[in-house]
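Structure first, then comments.
Please treat every number below as a calculation from the coordinates, not as lab data. Remember, it's a predicted structure, so these values are computed and weren't measured experimentally. All Cβ positions, even for glycine, are placed from backbone atoms using ideal geometry, and neighbour counts span all protein chains on display.
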Amino acid sequence: TLKPDFGSHHPLIDGVTALRDPISPSDPFYDWWHACLPVVPRAFLAGLAKDASAIPTARWRAILEEVRSTDLTAAARTVQVPTLIVAGGRDPLFGPAHQQPMAEAIAGSRLVWAQDCGHNPHWEDPAFVANATAGMFPAA
């Protein structure tokens, strides 16, 4: 996304606000944060939750504020290389309202949708991501 526009009661805002130290790897926030198709191994997601739980809540909140104040619109317009944007059709963070402006801002970019995926198509449908990448950047 170029400029996140999360409402005050967006699940990301509510989830990060509710975190308390020490964060438990089983905190319900991670069910939303790591929401994926069933093909993604639960053990993999549990490891990510464990690692993320080591981040203090103050750091989570600081990162969230940085993300919320970001505006990459001008920077995106300066990109001068072929760009592939892979978006999840069920991404709870960055849907079409975020992805389409990015595709429009980056001249010559290609936006592809992994329709059944959430925020992490590379975990959920790596073959789709690989094929999209190979189609955009064929071997020399």
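Using only alpha carbon pairs under 8 Å that are at least six residues apart, calculate the relative contact order of the chain and give it in whole percent.
Relative contact order for the chain comes out at 28 percent.
Å³ per residue of the Cα convex hull, for the chain?
Cα convex hull per residue, to the nearest whole number: 125 Å³.
Which of SER53, THR78, MET136 sits closest to the plus end of the dipole of the chain, meaning its Cα is farthest towards the positive end, when Lys and Arg get +1 and Asp and Glu get -1 on the C-beta?
Toward the positive end, the furthest listed residue is THR78.
I'd like the trypsin sites (Lys or Arg not before Pro) in the stretch 1-101 restricted to DSSP loop residues with at most 11 other Cβ atoms within 10 Å, sorted by number.
ARG20
Beyond 14 Å, what percent of the Cα pairs of the stretch 73-136 remain?
Cα-Cα pairs of the stretch 73-136 separated by over 14 Å account for 55 percent.
What number results when the radius of gyration of the stretch 11-68, computed over Cα atoms, is divided by 2.2 N^0.38 Å?
Expressed relative to 2.2 N^0.38 Å, the Cα Rg reads 1.12.
So how far apart, in nm, are the two label points at GLN115 and ASP5 if each is 7 Å from Cα heading toward Cβ?
2.7 nm
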